[in-house]
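These notes are about the structure you will find just below.
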């Protein structure tokens, strides 16, 4: 609503203003500078290779081997009972259920122990990746194995591989 020179309120004609608004919007759109984004430098790191190069990884591997040695025989017993199918006795089915519960419980315990060992390694790897990327001007860094296996990246120049720089910067 607008007031005219006599103080009378008049309704604004929206239809009359629509073409003006469109022209103004188009005109202003061409005047606004469009930001140019700098090209982003993308790098790749073999994260598993870096993690296994960490001196603390030996303890992770030892614990994984211990878990495998303890859980695989139990799993083999479960599979043997499952192979009997409907021929398994009630006692065997009960034993199988107990074995499954034991496997799940022990696996959960091992997972928690392994996570406690892996978390500091992961933090060190992430810190080293960040440092290497910043030092070499990379704005994006991807896990080389994920990029390769997912088909996300078909080709990457060897100069985009930061793995060695990350390994050198790895601090326990």
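Computed from the coordinates by the stated procedures, all read-outs in this text should not be read as laboratory data. Please read all numbers here as calculations on a predicted model, not as lab measurements. As a convention, Cβ positions derive from the backbone with ideal geometry for all residues, glycine included, and neighbour counts pool all protein chains shown.
Order of 52, 101 from fewest to most other C-beta atoms within 10 Å?
Numbers: 52 13, 101 10.
Ordered by Cβ neighbours within 10 Å, fewest first: 101, 52.
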Where in the range 70-86 is the amide nitrogen less than 20 Å from a point lying 7 Å along the Cα-to-Cβ axis of residue 113? 70-76
Neighbour counts of other C-beta atoms within 10 Å: give me 119, 157 arranged from fewest to most. 157, 119
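According to the square roots a ≥ b ≥ c of the eigenvalues of the Cα gyration tensor, what is the shape class of the range 103-149, taking rounded for a/c under 1.5, prolate for a/b larger than b/c otherwise, and oblate for the remainder? Write down the numbers at each step before the final one.
Details: a/c = 6.44, a/b = 2.16, b/c = 2.99.
In terms of gyration-tensor shape, oblate.
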Pulled fully out, how much extra length does the chain show between residue 92 and residue 69, if you take 0.36 nm times their separation in residues and subtract their Cα-Cα distance? 6.0 nm
